[in-house]
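Participant: This is the structure I have questions about; it appears just below.
The values are calculated or read from the model by the stated rules, or taken from the named source; none is laboratory data. These numbers come from a predicted model, not from an experiment. Cβ placement follows ideal geometry from the backbone for every residue including glycine, while neighbour counts extend to all protein chains displayed.
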Amino acid sequence: MCLPNKVTIDHDDLRIEELVAVARYHAQLELADEVKARIVHGRSLVERFVFEERVVYGITTGVGDNARVKISTADSKELQKNLIMSHACGVGEPLAQEQVRAIIMMMIQSLSQGYSGVRLETVEALVSLLNHEITPLVPKEGSLGYLSHQAHISLVLLGMGEAICDGRQMSGREALHSCGLEPIELFEKEGLSLINGTVDMTALGALAVYDAINLLKTADIVSMISFEALKGTYRAYDPRIARVKRHPGIQKTIENIQQLIKGSEIAERFKDYRTQDALSIRSIPQIHGASKDVVAFVREVIEREINSASDNPLVFDEHGGVAISSANCHGESVAMAMDMLAMAITEISNVSERRIFRLVSPQYSGHPAFLVDKSGVHSGYMIPQYTAAALVSDNKVLSHPASVDSIPTTAGQEDHVSMGTSAALKAVKVIGNTENVLGIEWMCSSQALEFMQPLKPGVGTAAAYHLFRQHVPPLEQDRVLSPDIRQAADLIRSGKLVGLIEEEIGELQV
């Protein structure tokens, strides 16, 4: 997929691909003049509230259970800085740099809606972090759905915390100065707005959806190599089947299958080899298709959230200006969607492992045991199936929904939280596991194709087989297999496999 090298936040909705372009591929980011104008206008409303000494949550009051405490105008700036410092209490290993960049991108997008009331200078400071390649060091664990990730990012804006710049870890202040930037001072409401909203779970979710789409295409490709290697019958993929099972994902999967095995001598030779295949082969359209339908829904949810205002309170230019304290910062929609995504991708790994099992089992494959000659002396691909089984088992545990859990916080003021960030991080882990499982299936199915020669595979499956063989030779005797699995997973994760196949047969449907 071709991604832009420059992204502009303007009046149009931001797409997942644009967020990924900035977060993962370091596209430059800019704000359109119209966006700058609405940020400035939103700020003018907050300044009016301060001047008129209105009672507004987070501006002239404390936050959380401290909302009952009135804050003077003089103390408001101190409150904003204190919010950043006190909320920066994440733990564990740091997030990946692309994940931090995605969260920063979502912070900018959320504040650019004009309903938060922050200053333009503050939003532009976040843009500078991205464009100058300054990535705050952000602990992964400790977010219920907002606050801690954004707080660690915001520390760097203040010249505090730690960051990665020019490949080195340094203090936030040093990182800013190395790029000719200065720390900023926070004004009324800005500290609250920087840490509020659903931006972290949405950013992680956007990356996850992008990678899930790549995985769905990969699963179709790799499963068809297994289909050929297991002498499957293509009659189960007749387009008439999809016409009477009214789920769009099934139709899309069958369309992909038809293109992938087009011209396959193997498929033609064995079309009547069995009356019907095992469900891990026969039901590929139904299983992959169901996951496609779920991912399509999740994408819709994430893109709606990307383009929503999720701060609290939100300011509106009506009746002399009004600040509404609400719960748009609650991430239930994203949390449920991320739980669904984890389940959908777990099923992709689940059925993939079943095909791996059949490939390495001679009673099902008709090939030498564990896909290697002299299998008594050589273990062949026996143990990679163990690895796949372990990863799939982990995925099943990770598919337990986070969104059905809630632990009250803030002295009961936040007595129900979404756990959306936990749900998103689980989905990310499931996707990583599944990339490895599909890599193992690709490795085993390519090895099994060696025993199908001289019959030729389909145009799409042949391209996938040859790509793998450019990097990994056939297994003739035992060797260390971890590098082979890693190579396969890297080719999947990078999109090189899908990119090559789509060059050969056209865009795959998801």
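Participant: Take residues that are among the polar types (S, T, N, Q) and outside the structural domain of A23 (by TED's automatic domain parsing) and tell me which of the helices (runs of 4 or more DSSP H) falling wholly in region 116-233 contain 3 or more. Can you show your working first?
Facilitator: Numbers: elements: 120-131, 148-157, 172-178, 190-195, 199-229.
Result: 199-229.
For every residue, the table says whether it meets (1) in the same structural domain as L126 (by TED's automatic domain parsing); (2) out of contact with any helix residue (DSSP H, G or I) (no Cβ under 6 Å at 6 or more places or on another chain); (3) part of a strand (DSSP E or B).
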residue: L19; (1), (2), (3): yes, no, no
residue: V22; (1), (2), (3): yes, no, no
residue: E30; (1), (2), (3): yes, yes, yes
residue: K36; (1), (2), (3): yes, no, no
residue: V40; (1), (2), (3): yes, no, no
residue: E47; (1), (2), (3): yes, yes, no
residue: R54; (1), (2), (3): yes, yes, no
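Participant: Still on this structure, I have one more. With respect to L155, is the statement that it is closer than 24 Å to N307 by Cβ, touching a Gly at 6+ places or on another chain (Cβ under 9 Å) and of a type in the set (A, V, I, L, M) true? Step through it out loud before you land on a result.
Facilitator: Working: closer than 24 Å to N307 by Cβ: no; touching a Gly at 6+ places or on another chain (Cβ under 9 Å): yes; of a type in the set (A, V, I, L, M): yes.
No; evaluated as a whole, the condition is false for this residue.
Participant: Please enumerate the residues belonging to region 56-79 that are out of contact with any helix residue (DSSP H, G or I) (no Cβ under 8 Å at 6 or more places or on another chain) and either part of a helix (DSSP H, G or I) or within 13 Å of N312 (Cα to Cα) (or both). Walk me through it before giving the result.
Facilitator: Initially, region 56-79 is screened for residues out of contact with any helix residue (DSSP H, G or I) (no Cβ under 8 Å at 6 or more places or on another chain), giving 66-70, 72, 74-75, 77-78.
Selection gives N66, A67, R68, A74, D75, K77, E78.
Participant: Here is a follow-up. Could you please let me know if L425 is in a loop (DSSP other than H, G, I, E, B), in contact (Cβ under 8 Å) with a residue 12 or more places away in the chain and assigned by TED's automatic domain parsing to the domain that holds E255? If you could, list the steps in order and put the result at the bottom.
Facilitator: Numbers: in a loop (DSSP other than H, G, I, E, B): no; in contact (Cβ under 8 Å) with a residue 12 or more places away in the chain: yes; assigned by TED's automatic domain parsing to the domain that holds E255: yes.
For L425, the condition - in a loop (DSSP other than H, G, I, E, B), in contact (Cβ under 8 Å) with a residue 12 or more places away in the chain and assigned by TED's automatic domain parsing to the domain that holds E255 - is not met.
Participant: Another question, if that's okay. If we scan region 338-358, do we find a residue that is within 20 Å of N196 (Cα to Cα) and in a helix (DSSP H, G or I)?
Facilitator: So in region 338-358, the residues within 20 Å of N196 (Cα to Cα) come out as 338.
Filter again for in a helix (DSSP H, G or I), leaving 338.
Taking every residue of region 338-358 in turn, at least one turns out to be within 20 Å of N196 (Cα to Cα) and in a helix (DSSP H, G or I).
Participant: Going by the structure shown, is P474 assigned to a loop (DSSP other than H, G, I, E, B) and at pLDDT 95 or above? Give the steps one after another, and end with the answer.
Facilitator: On the way: assigned to a loop (DSSP other than H, G, I, E, B): yes; at pLDDT 95 or above: yes.
Against the criterion (assigned to a loop (DSSP other than H, G, I, E, B) and at pLDDT 95 or above), P474 qualifies.
Participant: Continuing with the same structure: Considering only region 377-399, I want to know if a residue exists there that is at positive phi and either in contact (Cβ under 8 Å) with a residue 24 or more places away in the chain or assigned by TED's automatic domain parsing to the domain that holds P285 (or both).
Facilitator: To start, the set of residues in region 377-399 that are at positive phi comprises 380.
Restricting the remaining residues to those that are either in contact (Cβ under 8 Å) with a residue 24 or more places away in the chain or assigned by TED's automatic domain parsing to the domain that holds P285 (or both) gives 380.
Yes, some residue in region 377-399 is at positive phi and either in contact (Cβ under 8 Å) with a residue 24 or more places away in the chain or assigned by TED's automatic domain parsing to the domain that holds P285 (or both).
Participant: For region 252-275, which residues satisfy the criterion of being of a type outside the set (V, I, T), part of a helix (DSSP H, G or I) and crowded, with 19+ Cβ neighbours inside 10 Å?
Facilitator: Restricting attention to region 252-275, the residues satisfying the condition of being of a type outside the set (V, I, T) are 252, 255-256, 258-260, 262-265, 267-274.
Remaining after also requiring part of a helix (DSSP H, G or I): 252, 255-256, 258-260, 265, 267-269.
Across region 252-275, the qualifying residues are K252, N256, Q259, L260, A267.
Participant: State whether one or more residues within region 63-85 are at pLDDT 95 or above and surrounded by fewer than 19 Cβ atoms within 10 Å (Cβ to Cβ).
Facilitator: The answer is yes, given that some residue of region 63-85 is at pLDDT 95 or above and surrounded by fewer than 19 Cβ atoms within 10 Å (Cβ to Cβ).
Participant: Quick one: how many residues across region 1-16 are crowded, with 17+ Cβ neighbours inside 10 Å and either assigned to a helix (DSSP H, G or I) or β-branched (V, I, T) (or both)?
Facilitator: The number of residues fulfilling the criteria is 3.
To keep it simple, each residue is scored yes or no on (1) in contact with a strand residue (DSSP E or B) (Cβ under 9 Å, 6 or more places away or on another chain); (2) charged (D, E, K, R); (3) at pLDDT 95 or above.
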| site | (1), (2), (3) |
| --- | --- |
| V351 | no, no, yes |
| I356 | no, no, yes |
| Q385 | no, no, yes |
| L391 | no, no, yes |
| L398 | no, no, yes |
| T409 | no, no, no |
| V417 | yes, no, no |
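Participant: Continuing with the same structure: Tell me whether region 224-245 contains one or more residues that are buried (at least 21 other Cβ atoms within 10 Å of the Cβ) and over 22 Å from H367 (Cα atoms).
Facilitator: Yes, that holds for at least one residue.
Participant: For W442, all conditions in the list (1) assigned to a helix (DSSP H, G or I); (2) in contact (Cβ under 8 Å) with a residue 60 or more places away in the chain; (3) closer than 25 Å to D339 by Cα; (4) among the hydrophobic types (A, V, I, L, M, F, W, C) hold save one; what is the number of the exception?
Facilitator: It fails just one condition, (3).
Participant: Next up: So which of V91, V118, V100, V127 is within 29 Å of E53 (Cα to Cα) and either out of contact with any strand residue (DSSP E or B) (no Cβ under 8 Å at 6 or more places or on another chain) or in contact (Cβ under 8 Å) with a residue 12 or more places away in the chain (or both)? Spell out how you get there, then give the answer.
Facilitator: Details: V91 fails: within 29 Å of E53 (Cα to Cα); V100 fails: within 29 Å of E53 (Cα to Cα); V127 fails: within 29 Å of E53 (Cα to Cα).
Answer to the selection: V118.
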